[in-house]
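Take a look at the structure set out below.
Taken together, the values in this text are just the output of simple stated rules run on the coordinates, not laboratory data. Everything quoted here is computed from the prediction, not taken from an experiment. Cβ placement follows ideal geometry from the backbone for every residue including glycine, while neighbour counts extend to all protein chains displayed.
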Amino acid sequence: MVCALECKEISKTFGGLDALTDINLKVTEGEILGIIGPNGAGKTTLFNIISGALPPTRGAVFFKERDISGMGAAKICRLGIARTYQLVRPFHSLTALENVLVGLCFGRSDPPPREARVAEAMDILMFMGLGDKENKVSGSLTLVEKKHLEIARALATRPDILLLDEVVSGLTPTEMTHTIDAIHQIQTRGVTVIMIEHVLRVVMELCKRIVVLNYGVQIAEGRPKDVVNDPKVIVAYLGKLESDDQETWGD
């Protein structure tokens, strides 16, 4: 299997605070990797380092065996790594179509010819279920529509790796199901997905492997069913594991 992305001993310090300490992970081409952990575990900081928003204090990120550490977000996006944000960030005064065109025109190293751009942007909107929203100002969209628009804008950059930061948070069960289906379809198109997620249903359904962070340290890695029943993970989420509590939360 081909390694799409590798983080080697990634550490990040803010003043005297260690946000990440010696994170090591490999992501295989075509997989959906889940990253979970309590609030403040360092998950989004790791995304910021992979996507170029922050440089690592120590360690290196390799994309297709190329060291991209500290290269900068714009350049890393054009190389083939796109992301969404936990708090959605569409261009509120632009229409849904214009938002996707921004990704298509400025997020690629080789944007399509001018005459083909609108048609391609519309194809992406339709893929994400927003084909009838192209002329809607993004600020007027619902939460799920904004989240899907963020994914659409990221897909417009034609990424090899897509970083999804809590894309189902705040959604209804039906909206979650639609989003899960969309992520499955993105994977079938050959995109490698790394996702931060708190909703265990989504992690269990989409990911064959997950990594757990706690206080910036990687405390577990493996199959979802095994990891969520790991005592270290349970303690990280619940604070204490009673010795006589045999109930698992992966079933």
### Query
Dividing the Cα convex hull volume of segment 1-77 by residue count, how many Å³ per residue is that?
91
### Query
Restricting to lysine pairs 8 or more places apart or on different chains, what number in segment 95-251 have Cα atoms under 13 Å apart?
4
### Query
How big is segment 109-238 by the Kirkwood estimate over distinct Cα pairs, in Å?
16.4
#### Entry: Where N is the number of residues in segment 184-244, Cα Rg divided by 2.2 N^0.38 Å
1.27
### Message
Can I get the semi-axes of segment 1-140's equivalent ellipsoid? Compute them from the C-alpha gyration tensor as square roots of 5 times the eigenvalues, in angstrom, largest first.
### Response
31, 18, 14
### Query
With each run of n ≥ 4 DSSP H residues scored as -39500 (n - 2.57), what mean residue ellipticity at 222 nm is computed for the chain after dividing by its residue count and rounding to the nearest 500 deg cm²/dmol?
-10500 deg cm²/dmol
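Order the peptides 182-192, 208-218 from the highest to the lowest mean number of other Cβ atoms within 10 Å of their residues.
208-218, 182-192
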### Query
Taking neighbour counts of Cβ atoms within 10 Å as a proxy for exposure, in what order, fewest first, do ARG66, ARG153 appear?
ARG66, ARG153
#### Entry: Within straight-line cross-link reach of LYS12, aspartates and glutamates at Cα separation under 14 Å, skipping those fewer than 8 residues along the same chain
ASP22
### Summary
Per the C-alpha gyration tensor (a ≥ b ≥ c, the square roots of its eigenvalues), segment 53-122 is rounded if a/c is under 1.5, else prolate if a/b beats b/c, else oblate; here it's oblate
### Task
Give me the aspartates and glutamates in straight-line cross-link reach of LYS26: C-alpha distance below 12 Å, same-chain residues under 8 apart excluded.
GLU6, GLU9, GLU65, GLU221
## Note on the structure
Whole-number value, in Å³ per residue, for the convex hull of the alpha carbons of segment 101-144 is 88
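Pairwise over distinct Cα atoms, reciprocal of the mean inverse distance: report the Kirkwood radius of segment 76-167 in Å, one decimal place.
So the Kirkwood estimate lands at 12.8 Å.
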### Task
Work out, in µm²/s and without decimals, the Stokes-Einstein translational diffusion coefficient of the chain at 4 °C, 1.567 mPa s, Rh from Kirkwood over C-alpha pairs.
69
### Task
Tell me, rounded to the nearest percent, the portion of alpha carbon pairs in segment 1-42 spaced more than 16 Å apart.
50
#### Entry: Nearest-20 debye value, segment 6-162 charge dipole, Cβ charges on Lys, Arg, Asp, Glu
320
